[in-house]
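Engineer: Just dropping this structure here.
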Amino acid sequence: MQSFIIEGGHTLSGTIIPQGAKNEALQVICASLLTVETVRISNVPNILDVNNLIQLLRDIGVEVEKQGESDYSFCAANLNLDFLGSDVFVHKCAALRGSVLMIGPLLSRFGKAVVAEPGGDKIGRRRLDTHFLGFKNLGAHFEFNDKQNVYEIQALPDDNGNKKQRCNSLHGTYMLIDEASVTGTANIIMAATLAEGTTTIYNAACEPYIQQLCTMLNNMGARISGIGSNLLTIEGVDSLGGAEHRILPDMIEVGSFIGMAAMIGDGIRIKDVSLRNLGIIPDAFRRLGVEILVEGDDLIIPRQEHYVVDSFIDGSIMTLADAPWPGLTPDLISVLLVVATQARGSVLIHQKMFESRLFFVDKLIDMGAQIILCDPHRAVVVGHDRTKRLRAGRMTSPDIRAGIALLIAALTAGGTSIIDNIGQIDRGYENIEVRLNALGARITRVEN
């Protein structure tokens, strides 16, 4: 296991470029399974979750070639379908949450897939019901294999026991999905691209990453309309071809850098952020009093001696709450909470979507932050207004986003902090200590 040693109190300045978006990368890489032709994807982030997924695709027979820095081609012409039912495959899927995005493409193209309980962040229940119900609506059948503790999914034959025209036997339908799940929506979209007939998905997630997936699939020959809305229509096609695609900058990393710049920055430029795809993220930080300047497609966060929490028009306490897009992404709640600890004023942080994501605040309280954890979903932060620095300490990263929030806190603290289990941070942030050290941070990676 590796740890970070962070010498706090050093101001950061300079320019930083966000990596490619992790969540989009997992989706579009899995979409390459839908075709026998080559799919080339650029701006692929060099992070643990993405690298593990790429290796998993290699294991099942996908020909992967690295064309350049962050630039890969994928050809899934010759897959080893027998490996999909092996214990090795099941074990690897169980360690990687992104593997769940392979189900839709495999079911769509081959009519069968295996579902292991995926790994990932321990931030509360992250159920797969939306995925399962979507596949069932398309005509898939589930059987539980108790020997391997997995679900085996197959496309059903028609009422006469005959296979339909396409090998997967999926059929388009109208469905109102139970929640606007991003991975659920992506999986259903990919499954529907090669189904017979037309699929309509209402209450679909519409994040920029879903929009990017749909655009890439259309470039491969799919027929998807309603992109950017919560009502998608997918006309099934016989086959898909190759395409080239560039991944967006990671909005969560952009938000993380805004938070760092506000708390410990002496003028930081975040380059090429794809501003139109950030939604209300900049405004969420502005509500905490963070000054953000826009120059072209760059964000500039100047040095601020103080930042003052806004209030609502009626004077009531500011509340920041997560919501499905175009609401505030839950992945930035942890960062916003840390930024609030040094603001002037108080704010209620309401994490609606995951019931365990705020449990890391006890580590911030140990560092001297004034936080009242009301329940698993709500915390009140009373800002120090920089009159009291956080104390250094030793802590463990419980998940990706709490990990980066703790790293931000440690950068601002007085003294030297240690963060264990930084593999969690590596799952979502590329060479983070190298990039932050270039701005003036003092972070050392050590082996335990």
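Engineer: Tally up the residues in the range 73-85 that are open to solvent by 30 Å² or more (accessible area, probe 1.4 Å) and either hydroxyl-bearing (S, T, Y) or on the phi > 0 side of the Ramachandran plot (or both), please.
Structural biologist: 0
Engineer: Of the residues R126, R58, R97, which is modelled with pLDDT of 90 or more and open to solvent by 30 Å² or more (accessible area, probe 1.4 Å)?
Structural biologist: One residue alone meets the criteria, R58.
Engineer: Would you check which residues across the range 241-278 are in a loop (DSSP other than H, G, I, E, B), buried (at least 24 other Cβ atoms within 10 Å of the Cβ) and either of a type in the set (V, I, T) or in contact with a Leu (Cβ under 9 Å, 6 or more places away or on another chain) (or both) and list them?
Structural biologist: Within the range 241-278, I247, V273 qualify.
Engineer: Something else: For the list (1) without any contact (Cβ under 8 Å) to a residue 60 or more places away in the chain; (2) open to solvent by less than 10 Å² (accessible area, probe 1.4 Å); (3) assigned to a strand (DSSP E or B), I need the number of the one condition that V290 fails.
Structural biologist: The failed condition is (3).
Engineer: Now for a separate question. Consider G8 carefully, then state whether it is over 25 Å from the mean Cα position of the chain (by Cα), surrounded by 18 or more Cβ atoms within 10 Å (Cβ to Cβ) and of a type outside the set (V, I, T). Please lay out each step first, then the result.
Structural biologist: On the way: over 25 Å from the mean Cα position of the chain (by Cα): yes; surrounded by 18 or more Cβ atoms within 10 Å (Cβ to Cβ): yes; of a type outside the set (V, I, T): yes.
The answer is yes for G8.
Engineer: Moving on to the next point. Go through the range 29-53 and give me each residue that's hydrophobic (A, V, I, L, M, F, W, C) and crowded, with 17+ Cβ neighbours inside 10 Å.
Structural biologist: I29, C30, A31, L33, L34, V39, I41, V44, I47, L48, V50, L53
Engineer: Being more than 17 Å from the chain's Cα centre (by Cα) and of a type in the set (F, W, Y) is the filter here, so list the residues in the range 178-215 that pass it.
Structural biologist: Scanning the range 178-215 gives a single hit, Y202.
Engineer: So, one more: Considering (1) modelled with pLDDT under 90; (2) over 22 Å from I400 (Cα atoms); (3) surrounded by fewer than 19 Cβ atoms within 10 Å (Cβ to Cβ), say which one V90 fails and leave the rest.
Structural biologist: Only one criterion is unmet by V90, namely (3).
Engineer: Can you tell me which residue is nearest to the chain's Cα centre (by Cα) among those in the range 318-340 that are touching a residue at least 40 places away in the same chain (Cβ under 8 Å) and in a loop (DSSP other than H, G, I, E, B)?
Structural biologist: So, considering only residues that are touching a residue at least 40 places away in the same chain (Cβ under 8 Å) and in a loop (DSSP other than H, G, I, E, B), the one nearest to the chain's Cα centre (by Cα) is T329.
Engineer: Report, by residue number, each residue of the range 44-61 that is free of Cβ contacts under 8 Å to residues at least 60 places away in the same chain and out of contact with any Ser or Thr (no Cβ under 9 Å at 6 or more places or on another chain).
Structural biologist: If the condition is that a residue be free of Cβ contacts under 8 Å to residues at least 60 places away in the same chain and out of contact with any Ser or Thr (no Cβ under 9 Å at 6 or more places or on another chain), then V50, N51, I54, Q55, R58, D59, I60, G61 are the ones that fit.
The values are calculated or read from the model by the stated rules, or taken from the named source; none is laboratory data. Since we're looking at a predicted model, the values are computed, not measured. So basically every Cβ, Gly included, is an ideal-geometry build from the backbone, and we count neighbours across all protein chains shown. Just the protein is used for accessible areas: all its heavy atoms, side chains included, with ligands, DNA and RNA removed. Shrake-Rupley method; radii C 1.70, N 1.55, O 1.52, S 1.80 Å.
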